[in-house]
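Handing you this structure, nothing more for now.
The values are calculated or read from the model by the stated rules, or taken from the named source; none is laboratory data. Since the model is a prediction, treat every value here as computed from it, not as a measurement. Because the Cβ atoms are built from the backbone with ideal geometry, glycine has one as well, and the counts that use them run over all protein chains shown. Only protein heavy atoms, including side chains, enter the accessible area calculation; ligands, DNA and RNA are left aside. Shrake-Rupley method; radii C 1.70, N 1.55, O 1.52, S 1.80 Å.
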Amino acid sequence: MIRRLALLLPLAGCGPLQLPFVEVPMPFERAPRTGASEVLVRPPPARIVIPPSTTLGLTEGDARRFAATLAEALQAQDLPATAAEIAKPEYRLLVAGEAASGAVRLTYTLVDEAGTPIAAAGGPRAVPAAAWAAAEEATFRAAAAAAAPGIAAMLARADAAARRIEPGALAARLPTVRVAGVTGAPGDGNRSLDRAIRNALASEGMVVQEGGAEGEFALSGRVTVTALPPRRERVEITWIVARADGTELGKVSQLNEIPAGTLNGLWADVALVVAEQAAGGVAEVIRRARSGG
């Protein structure tokens, strides 16, 4: 079943302009049944392989555990990462550790298929050396969770550069967007959609501002769930695009009907597909605003 994605752009003095509907497969559409269960979407293939590091002062087994823990943290950022060896990944993430003053500082380097370093980032905070040497799961998880957002931003910059945008002109040429969050979603939808739309916007060539920094544009999401008989729900997701001063530029709306309670828990891959589809509409609103259309 194909749903419609509507873009609404207000024009000064002319009222809102409704652009032609764009036919897109909507995010809540279920895949064909497979056996006794059914899934919403298939997970994307891994793009990033994290090999175990020999520079962390850990045993080989513990280094593999940390690689797997880091992969899980990146998956929580909606990044398709794995600690398993796969053929020809798009990127490898190399982890290194340096001990100094009773602490271990971790660094992360992204390399391409040829092994050429293309981006690097340091962990946001050092790990106490004693805790790191103990190789406890809680320590690994805390270090991985702290590093994951920076790694996600690093990958977004690498993807933008791969589109042949000159690094020095990146910030000047690409629109900057502050994501103000998502409200109204059941389950973990607010958090999952917020995280997914950030990655999707970066894939559309936009620079997502971090740490509360202002951008040229602002984006917020609102989810409305309406009960329908019998035991169904109408889920509407509205993305509101505005300038930094709050002037609304347009909305991207996604609408579908699903069995009641389908999204009361983890949104998982649903958020990923919702964001990928919405980001294209958001990019169109921003493109038109920049061009004066």
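Quick one: is Asp62 over 22 Å from the mean Cα position of the chain (by Cα) and buried (at least 17 other Cβ atoms within 10 Å of the Cβ)?
Here the answer is yes, as Asp62 does meet what is asked.
Just checking, which of Leu263, Leu255 is within 28 Å of Ser203 (Cα to Cα), open to solvent by 60 Å² or more (accessible area, probe 1.4 Å) and either touching a strand residue (DSSP E or B) at 6+ places or on another chain (Cβ under 7 Å) or assigned to a loop (DSSP other than H, G, I, E, B) (or both)?
Leu255
Residues to consider are Ala200, Ala283; find the one that is surrounded by 22 or more Cβ atoms within 10 Å (Cβ to Cβ), within 17 Å of Ala156 (Cα to Cα) and within 18 Å of the chain's Cα centre (by Cα).
Ala200
Any chance the range 276-285 includes a residue that's out of contact with any helix residue (DSSP H, G or I) (no Cβ under 8 Å at 6 or more places or on another chain) and either free of Cβ contacts under 8 Å to residues at least 12 places away in the same chain or farther than 13 Å from Leu201 by Cα (or both)?
No, every residue in the range 276-285 fails to be out of contact with any helix residue (DSSP H, G or I) (no Cβ under 8 Å at 6 or more places or on another chain) and either free of Cβ contacts under 8 Å to residues at least 12 places away in the same chain or farther than 13 Å from Leu201 by Cα (or both).
A follow-up question, please. Which of the numbered conditions does Val182 fail, given that it passes all the others? Conditions: (1) free of Cβ contacts under 8 Å to residues at least 60 places away in the same chain; (2) in a helix (DSSP H, G or I).
Here Val182 clears every test but (2).
Sticking with this one: Evaluate the range 216-224: report whether one residue or more is in a loop (DSSP other than H, G, I, E, B) and either open to solvent by 30 Å² or more (accessible area, probe 1.4 Å) or in contact with an Asp or Glu (Cβ under 9 Å, 6 or more places away or on another chain) (or both).
yes
Out of Gly97, Gly123, report the one residue that is crowded, with 16+ Cβ neighbours inside 10 Å and under 20 Å from Thr59 (Cβ atoms).
Of the residues listed, the single one that is crowded, with 16+ Cβ neighbours inside 10 Å and under 20 Å from Thr59 (Cβ atoms) is Gly97.
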